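What follows is one structure encoded as structure tokens, with my remarks underneath.
The values are calculated or read from the model by the stated rules, or taken from the named source; none is laboratory data. As the structure is a computational prediction, the values presented were derived from the model and not from experiment. Cβ sites come from the backbone with ideal geometry, for glycine too, and all protein chains shown count toward neighbours. Side chains included, ligands, DNA and RNA excluded: accessible areas come from the protein's heavy atoms. Shrake-Rupley method; radii C 1.70, N 1.55, O 1.52, S 1.80 Å.
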Amino acid sequence: TMRKMGKGDLSVRVPVRGSGELRELAENYNTMASQLESLDKTRNQFVSNASHELKTPLATMKILLESMIYEPDMPAEVRADFMKDMNHEIDRLTGIVTDLLVLTRMDNGEEMKRGIVNMTELTHETIHQLTPAAEKNNQTLTGDVQEDLFFYGDKSKLSQILYNLMDNAIKYTPEEGKISVSLREEDGNIVWRVKDNGIGIPEEDLDHIFERFYRVDKARGRETGGTGLGLSIVKQMVRMHGGTITVESSLGKGSEFTVTFPQEGAES
Ligand code: ADP
């Protein structure tokens, strides 16, 4: 017996009977319904995670603001600290919203702005951009960048890929640590490696770090200002360029991320 189908009820499956075209149609319908159902669940999960991430800084700001409102005699230094904290939470919120927009734009099939990108220059620029952050932690940041490497891709996405990987390497490496970045042509492919001698990633988490909102250590991730979206953005952008990303890491020793872009887009 067939259940009555409500409009948009993705849990309904039709009975598969007999043979021939009708059977094939029923099978195809069921496959499609399962795919849509799982897509629907993924979307709901995404919205619910995003809402949770947005609520956390809002709740913190509310507490800070309320205590300022209801304690007019609060010492000036405490008040100044509270305002700094609120400013920090606003930066967090802005970061989350920016990442969410980047992701949803890509999901909605935003066009790639491809052109010939000077990868050598882009790598030097990104290293330069992140040098102050590394210096703040007394970390050494070194680059081994091959000259005159070009790739046909979307410059701002390529730059975000390297930025996010280096930003993580800096965030998850203690003071005095070492971060090295390389750009090379290997077997005709363009290869980026971002290596650090930081805290590393536990084996059981390695399969998940590219998932949206996934953090190895939730508390620590938030402290360092992470959203858990950085690597999922990286992965999606690498894929849009036909590339691959891999990671090798050992806990307490460090991590190495390798991005490989295929030959076809590479131009020397
Ligand atoms: P986040 O915003 O939390 O940094 P990401 O998606 O960029 O989110 O990374 C997911 C998780 O992977 C991080 O929370 C962190 O635990 C782990 N991670 C990423 N890069 C590194 C690294 N270089 N060293 C150690 N852990 C890392």
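Table for the structure above
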{"read-out": "Part-to-part distance (alpha-carbon centres) for the range 29-79 and the range 125-169, which is given in Å", "value": "31 Å"}
{"read-out": "Value of [θ]222 nm, deg cm²/dmol, for the chain, DSSP H segments ≥ 4, -39500 (n - 2.57) each, nearest 500", "value": "-17500 deg cm²/dmol"}
{"read-out": "Whole-number accessible area per residue in Å² for the chain, which is evaluated in the context of all protein chains at 1.4 Å", "value": "60 Å²"}
{"read-out": "Modelled FRET efficiency - R0 30 Å, Leu10 with Glu203, Cβ distances, 0.05 increments", "value": "0.25"}
{"read-out": "Highest-MSF residue in the chain out of Pro174, Pro72, Pro202 [GNM, Cα springs under 10 Å]", "value": "Pro72"}
{"read-out": "In the range 106-145, the trypsin sites (Lys or Arg not before Pro) that fall in loop regions by DSSP, at most 13 other Cβ within 10 Å", "value": "Lys113"}
{"read-out": "Candidates Ser255, Ser180, Ser67: whichever shows maximal mean-square fluctuation once the chain is modelled as a Gaussian network with Cα springs under 10 Å", "value": "Ser67"}
{"read-out": "Surface share of carbon and sulfur [accessible, 1.4 angstrom probe, percent] for the chain", "value": "52 percent"}
{"read-out": "Under 5 Å, built H, 5+ apart or other chain: amide partners of Val12", "value": "none"}
{"read-out": "Note, ³J(HN,Hα) from phi for the range 108-116, Karplus 6.51, -1.76, 1.60, rounded to Hz, x at Gly and Pro", "value": "7, x, 3, 5, 7, 9, 7, x, 7"}
{"read-out": "Phi to ³J(HN,Hα) by Karplus 6.51 cos²θ - 1.76 cosθ + 1.60 over the range 60-70, Hz, x for Gly, Pro", "value": "4, 4, 5, 4, 4, 5, 4, 5, 5, 5, 8"}
{"read-out": "Sequence-distant residues sharing a close amide H with Tyr152 (under 5 Å, placed H)", "value": "Val117, Ala266, Glu267"}
{"read-out": "Placed amide H near Gly143: partners under 5 Å, 5+ positions off or other chain", "value": "Val181"}
{"read-out": "Most fluctuating residue given options Phe82, Phe257, Phe210, as computed from a GNM of the chain linking Cα atoms under 10 Å", "value": "Phe82"}
{"read-out": "Whole-Hz couplings from phi, Karplus 6.51/-1.76/1.60, listed for the range 165-181; x for Gly and Pro", "value": "5, 6, 4, 5, 4, 5, 5, 9, 10, x, 3, 6, x, 10, 10, 10, 10"}
